[in-house]
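Note sheet for the following structure.
The values are calculated or read from the model by the stated rules, or taken from the named source; none is laboratory data. None of the values given here were measured: they were computed from a predicted structure. Cβ coordinates were reconstructed from backbone atoms using ideal geometry, including for glycine residues, and neighbour counts include every protein chain displayed.
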Ligand SMILES: Nc1ncnc2c1ncn2[C@@H]1O[C@H](COP(=O)(O)OP(=O)(O)O)[C@@H](O)[C@H]1O
Ligand SMILES: [Mg+2]
């Protein structure tokens, strides 16, 4: 009993910080979202399903995040294996380089893409000189949600790599050796040994990627202003513009939070329960 | 015909040799243990046989065929790892069936074969269990059945019992031996435990720093160690550093001891005396043809059937094992006289 209360005491500072900076603001947002002109109402939420703008922004956000999660995983996975097999100084340099995109503000990433691939971007100009492409057509792509996928991958792939390098170093290579000695070819090893072994880490990584792109704001804002309708940008327009509608923004924020925590919780439930294999 | 043969095999990692000029042959159906201290190159040797590593020099042969350029997949070797390495996402049955499935074995052959293997290791009733539901000892039995399922040319076991507790270790040791004898599969068993190696092997190869120091039957190795390293490694031994004078005479400090007459060159070497071959001479008895070493009892350990004394002889600690039926064992600090006969003092090379 005594030990238990001691543990609780130790958790107190963490609980205080979480309560003050996470739960309390979230509660405020939730509270505000439930009132229209001082009266309790669920209309803010109902309108999310009725109004085209909200429905579309939710869909776009989900599609964008799912695409970045899938692509980021597909690209990050082989890269992480490459980083894992690198040795010595080269490995440290690679890991440091991998960490750089994570430290950049989303706005910086957005502007970097404009400087490189925008209408008068560095790469765009080179391509125009070499192949005579039309800069406008070429970089128009960058300002759609598909362009955002590319830009997001810049800071999502490193997240995947970092998640997976840990998994690679914890991998039990005797399993692979056992399988090979029993006559398994590369495909069987991949399907029956490596994939089951790495699946939890892959899913952890991709749900992280999904959650991060659901909430990412800076890059999208820098690249498209508010032209592409995704949840974070729509929330922004509702709190910043003349037609401010804080309660709607609150409701959107709650939905965004629910989706991201939902993904993380689903992952936890499936892959960290004791009965899992 | 030999099951496994290594011809002057060397393997380097960077500049250091992990295995140096090792030649070894294991007869078909023979159980050979590779034993030696940690880091001496046992695992590397095993991986060279399995094909996970290619030798820098020399050649590995299985059943008389050179394995140069033959990959692990094609070698048909069964491997048992220290950490069991069972596939956690497959049942016990599917683990054992794994090697048969990669060979596209038809179901009506596969099923009875797996069942037979499982009953051989005493786990026929756990076929549908997950590996994590089994104890360590049971998991290692499954691993053994899985390795045997492919009817390997050679069975390689790398410290298969090290992760288990003493009791399980002892029973599983003899079970491995029984299964090996029944199946008649050529086996290389790696361990750092000399007792384990001596108790289950047909032959033992003792490794040190990448080389094989001695190969022989357990009895040979125990009774006639080739040098002081082997003597020290296989069991408790007294090793006195001195000089062989030839003709069964050995100089230790100021004394000339009469010892076994061995074909060793004269010069520095060690004298091996087993603790159980030393007795306590009565105070006033004549030495006869034995050697007498006066000393003082500096320690006593009770070992069940034995009482082990540590006796200080001129600053050298000599171990003496007495049967615990002795009427009156000497007391601590008592001055006693140790006696051993010339036949029980064996000069061995190295010091
Ligand atoms: N992959 C490797 N890279 C570098 N050195 C290695 C490697 N594997 C083994 N060694 C070295 O080779 C020597 C023999 O190792 P090993 O065969 O594992 O010994 P044992 O199994 O007898 O404990 C050790 O000094 C070890 O550090
Ligand atoms: Mg080893």
> When residue B:103 is evaluated against the numbered criteria (1) surrounded by fewer than 19 Cβ atoms within 10 Å (Cβ to Cβ); (2) within 13 Å of another protein chain (Cβ to nearest Cβ); (3) more than 17 Å from residue A:188 (Cα to Cα), which criterion, by number, is the only one it fails?
Replying inline: (3)
> Considering region B:20-42 alone, what residues qualify as being near ligand 1 (Cβ under 7 Å from one of its atoms) and touching a helix residue (DSSP H, G or I) at 6+ places or on another chain (Cβ under 7 Å)?
Replying inline: B:36
>> Which residue is nearest to ligand 2 (Cβ to nearest atom), if the candidates are limited to region B:14-58 and must be part of a loop (DSSP other than H, G, I, E, B) and closer than 22 Å to residue B:184 by Cβ?
In response: B:30
>> Taking the criterion of being assigned to a loop (DSSP other than H, G, I, E, B), within 15 Å of ligand 1 (Cβ to nearest atom) and more than 14 Å from chain A (Cβ to nearest Cβ), would at least one residue in region B:61-80 satisfy it?
In response: no
>> Suppose the filter is within 16 Å of ligand 2 (Cβ to nearest atom) and either within 12 Å of another protein chain (Cβ to nearest Cβ) or modelled with pLDDT under 95 (or both); does residue B:124 pass it?
In response: no
> Say we look at region B:43-54 and pick out the residues that are surrounded by fewer than 22 Cβ atoms within 10 Å (Cβ to Cβ) and more than 9 Å from ligand 1 (Cβ to nearest atom); which of these is nearest to residue B:185 (Cα to Cα)?
Replying inline: B:51
>> Can you find a residue that is at pLDDT 90 or above, in a strand (DSSP E or B) and within 30 Å of residue B:325 (Cα to Cα) anywhere in region B:246-263?
In response: yes
> Can you tell me which residue in region B:216-238 is nearest to ligand 2 (Cβ to nearest atom), limited to those that are part of a strand (DSSP E or B) and crowded, with 18+ Cβ neighbours inside 10 Å?
Replying inline: B:227
> Quick check: anything in region B:270-278 surrounded by 13 or more Cβ atoms within 10 Å (Cβ to Cβ), farther than 21 Å from residue B:221 by Cα and touching a residue at least 40 places away in the same chain (Cβ under 8 Å)?
Replying inline: no
> Among all residue pairs at least 6 apart or on different chains, which show Cβ distances below 9 Å where the first residue, located in region B:29-58, is within 14 Å of chain A (Cβ to nearest Cβ) and the second is near ligand 2 (Cβ under 9 Å from one of its atoms) and assigned to a loop (DSSP other than H, G, I, E, B)?
Replying inline: B:43/B:159
>> I need every pair where a residue in region B:220-231 that is farther than 15 Å from residue B:209 by Cβ has its Cβ under 6 Å from the Cβ of a residue that is assigned to a helix (DSSP H, G or I), sequence separation at least 6 or different chains.
In response: B:225/B:231
>> Scan region B:85-92 and tell me whether some residue there is away from ligand 2 (no atom under 16 Å from the Cβ) and out of contact with any helix residue (DSSP H, G or I) (no Cβ under 6 Å at 6 or more places or on another chain).
In response: yes
>> Please list, ordered by residue number, the helices (runs of 4 or more DSSP H) wholly in region B:88-166 having 3 or more residues that are away from ligand 1 (no atom under 16 Å from the Cβ) and farther than 25 Å from residue B:47 by Cβ.
In response: B:92-102, B:107-120
> Would it be correct to say that residue B:72 is touching a residue at least 60 places away in the same chain (Cβ under 8 Å) and more than 13 Å from ligand 2 (Cβ to nearest atom)?
Replying inline: no
> Got a number for residues in region B:195-210 being under 14 Å from the mean Cα position of the chain (by Cα), surrounded by fewer than 22 Cβ atoms within 10 Å (Cβ to Cβ), within 16 Å of ligand 1 (Cβ to nearest atom) and not in a strand (DSSP E or B)?
Replying inline: 1
> Residues of region B:152-188 being farther than 13 Å from residue B:31 by Cα, within 14 Å of chain A (Cβ to nearest Cβ) and within 16 Å of ligand 2 (Cβ to nearest atom), which ones?
Replying inline: B:158, B:159, B:160, B:162, B:163
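Going residue by residue through region B:171-189, is there one that turns out to be closer than 22 Å to residue B:39 by Cβ, within 16 Å of ligand 1 (Cβ to nearest atom), at pLDDT 95 or above and not in a loop (DSSP other than H, G, I, E, B)?
yes
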